[in-house]
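Undergrad: Sharing a structure here in structure tokens format.
Just so you know, all these numbers are worked out from the coordinates, no wet-lab data involved. Predicted, not measured: the structure shown is a model, and the values here were computed from it. Virtual Cβ from ideal backbone geometry, glycine too; neighbours counted across all protein chains shown.
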Amino acid sequence: MLLPNGRRSAVLSALVAVLVGLGCASAPARPGAAPPETDETPVTSAPASADADGTDSPEEFKADIGDATKIAEEYWSGVFAKSGLRFEPVARVIAYEQEGEVDCGGQPLGLNNAAYCSAGDFIAYDVNWAYAAFQQIGDAFIFYLLGHEYAHAVQLRLNRRAQFTIQQELQADCMAGAYIGDMERQKRLSLQDDDTDELAAGLEAVGDDPGQPWFAEGSHGSAEQRTESFAKGYRDSLEPCKLT
């Protein structure tokens, strides 16, 4: 991936490791509902990528957080502008170190976690967990993390709510695919040969456990459903995501 300031990032194949190892963060809360629970995934569950670029200093991590945030804001500002709308970036991106240090609508956020909080319109992440993942996987982790959380923020801004978690999450997968695909087409991100094949193969490994009811709270979708949703967004931009 090519960042705004010209620094080289990890190739997209590192993103495969993120998708395989991580679940999705929280979707926007419905009015009057308690803040949603968020996934907590230890970084050790995410396999290391042989293609990670080896950048692992605290300074590089901090710079990538800033770049990933800027790219997400740039992307969604452009999307909104094409529809004559003004995009309002999330209020804050917060790093925390201790469980309960940050809360979402009165619900404390735990460790090994990242979430978009609709109650305060912010993205928060356990900085030690995120930095460990950055070291293990590469800086593609940061782009997926910020891009996915921004998808949930956009859902809220467009008043896109769903009855079931799985609907919200599959739409966010599609939006994440559109974000990566569109930014590649705009030459803001650069993919190496075979990265798309690796991404497709990695997405096959993502999904709820077999037998989990699709209507259960917290369901994300089967591997096939998630792969299809991401691929549609990556290939066809936001149209298949049904945001309008």
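Undergrad: Compute the length gained on full extension between PHE215 and GLU59: take 0.36 nm times their separation in residues and subtract their Cα-Cα distance, giving the result in nm to one decimal. Walk me through the numbers on the way to the answer.
TA: Working: separation 156, 0.36 × 156 = 56.16 nm, distance 4.24 nm.
In short, 51.9 nm is gained.
Undergrad: Return P(r) of the stretch 102-164 (all Cα-Cα pairs; 5 Å bins starting at 0; whole %; ordered from short to long distances).
TA: 4, 16, 24, 22, 19, 10, 5, 0
Undergrad: Loop only per DSSP, at most 10 neighbouring Cβ atoms within 10 Å: give me the chymotrypsin sites (Phe, Trp or Tyr not before Pro) in the stretch 65-96, ordered by residue number.
TA: Values: sites: TYR75, TRP76, PHE80, PHE87, TYR96; in loops: PHE87.
Qualifying residues, ordered by number: none.
Undergrad: Apply 1/(1 + (r/R0)^6) to the Cβ-Cβ distance of ALA119 and GLN186, taking R0 = 35 Å, and write down the FRET efficiency to the nearest 0.05.
TA: Computed FRET efficiency for ALA119 and GLN186 comes out at 0.60.
Undergrad: On to the next question. By how many nm would the segment from ASP236 to GLU73 lengthen if fully extended, with 0.36 nm per residue of separation less the alpha-carbon distance?
TA: On the way: separation 163, 0.36 × 163 = 58.68 nm, distance 2.03 nm.
Result: 56.6 nm gained on full extension.
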